[in-house]
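Let me begin by presenting the structure, written as structure tokens, before commenting on it.
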Amino acid sequence: MDTIAAIATAPGPSALGVVRLSGPEAFRVAATIAQGFDASRTREVRLLTLRDAAGPIDRALVTAFPGPASFTGEDVVEFSCHGGAFTSSRVLSACLAAGAREAFAGEFTRRAVINGKLDLLQAEATGDLLMATSPAQAAQALAQLDGNLSRRIGALRDTVLEAEALLAYAIDFPEEDDGPVPAGKVEAALGDIRDQLEALLRTAADGERVRNGALVVLTGPPNAGKSSLFNALLGSDRAMVTATAGTTRDAIEADTTFEGYPVRLVDTAGIREGGDHLEVLGMERSRRWLTDADLTIECVAPDIETSERSFSAVSTRIVVATKSDLSSPQNACDLAVSAMTGSGLTELRRLVAERLFNPRSQSRGRANESMLTRERHRDGVTRALAELSDAEVNQVAGEPVLAASSLRRAADALMGVIGATDRADVFDRVFAGFCIGK
Ligand SMILES: Nc1nc2c(ncn2[C@@H]2O[C@H](COP(=O)(O)OP(=O)(O)O)[C@@H](O)[C@H]2O)c(=O)[nH]1
Ligand SMILES: [Mg+2]
């Protein structure tokens, strides 16, 4: 292992800039740069002068964390210097001149995984926590970082291995009619595993929705007040609003939070017959967004005629009567709002959050409930479930040896999700989205 260095804080002017070193040479590199660095004074924050060949760089707080009780499991040094592009870059350059190599994205966390400080699920959660923009995302990432999902999948894997042991036992005592493994016990164990795998798989939709944000698309005829509502929900004038029908041509996206849950809100061109070339293109786009939507907010205005064509067939939709300041809603709707006065907006945000995330917040109340949050998790659990089905078929067919090896593969698939694997391709995929210095 070589020694790596990186700036761990975001670029741009800031109060502090943190430079991190990790690897067998970390203490030697630090001693070259920091006057009076003492590797024996571990986990002690010391104010030292940093220098390079050209002279002093900064006075910085320096902390030494000896491995294995460090973030990466290796010797680690952190320099907390003044922020801004210049100072932290110069400290980094000094580390490189003293023999460290610049880290690539996610390399510190990757080393933590290799050294057994974190499993792969926790490493992913670290990345999710850095990217979180809403309370729900942060809470989910933190639970995964705490190991909740790892424990749930680990316990399930143990159950699979117990069933495999049960089978092995039955294989060793085939002659005994009423042997050590009562008839039906294996079947019951397999059925229980199936239930648990299916329950786990059902958490993926909610878990991934919290991680990625739910796609909420505003739709309705031109001039129904979609852009006005879009702006009002965001609290900023993002979309153009005019009394001319067909103003919005392109879809506009914005990230926001409703009741602490992440939402990608999209304003679209209103759908109607006719319109010029540009408007027709806009309507095509609207239809595409509607296909992907997790939920649509369908706007009906008192002064605008609404044809069913304007709407989508998405199952989750909220019908909103807009411009409630003009007149009270005539048609059946879930809610009345006014972008002008702001009335009904809080209720609308709450209703959207409930429709999209409520099943999850109920299940969240249950002890130890943890969610699959990525396609990688879903793939692994799906593979385990396919192996379990093979095991069931083989068991029924009187092939316990084959059933046992299917169970072994199911256990391996679950282990792969937790990440006690050293497969480089899996690692590359997990760490591809990380920033440098993490
Ligand atoms: N009185 C009133 N007028 C509104 C309200 N929302 C939108 N409008 C007006 O309705 C017209 C169309 O609004 P716009 O947001 O561009 O509708 P869109 O075509 O569906 O995006 C504009 O003249 C707006 O000023 C509202 O809450 N109250
Ligand atoms: Mg508009």
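The values are calculated or read from the model by the stated rules, or taken from the named source; none is laboratory data. Just so it is clear, the model here is predicted, and its values are computed rather than measured. Backbone-built Cβ (ideal geometry, glycine too); neighbour counts: all protein chains shown.
Here are a few things to note about the model shown:
- Unique residue being in contact with a Ser or Thr (Cβ under 7 Å, 6 or more places away or on another chain), over 30 Å from residue 415 (Cβ atoms) and aliphatic (A, V, I, L, M) when the list is 94, 100: 100
- Comparison of 100, 112 shows that the only residue that is closer than 18 Å to residue 2 by Cα, without any contact (Cβ under 8 Å) to a residue 60 or more places away in the chain and among the aliphatic types (A, V, I, L, M) is 112.
- Residue in segment 231-246 that is farthest from residue 262 (Cα to Cα), counting only those that are hydrophobic (A, V, I, L, M, F, W, C) and outside any loop (DSSP other than H, G, I, E, B): 232
- Qualifying residue in segment 236-257 (condition: within 13 Å of residue 299 (Cα to Cα) and not hydrophobic (A, V, I, L, M, F, W, C)): no
- Strands (runs of 3 or more DSSP E) fully within segment 33-89 counting 3 or more residues that are under 15 Å from residue 7 (Cα atoms): 55-65, 76-82
- Meets criteria (crowded, with 22+ Cβ neighbours inside 10 Å and not assigned by TED's automatic domain parsing to the domain that holds residue 317) for residue 163: yes
- Residues in segment 221-268 that are more than 15 Å from residue 338 (Cα to Cα), touching a residue at least 40 places away in the same chain (Cβ under 8 Å) and within 14 Å of ligand 1 (Cβ to nearest atom): 221, 222, 265, 266, 267, 268.
- From the list 265, 234, the lone residue that is within 14 Å of ligand 2 (Cβ to nearest atom), farther than 28 Å from residue 159 by Cα and crowded, with 21+ Cβ neighbours inside 10 Å is 265.
- Residues of segment 94-111 that are surrounded by fewer than 20 Cβ atoms within 10 Å (Cβ to Cβ) and in a helix (DSSP H, G or I): 96, 97.
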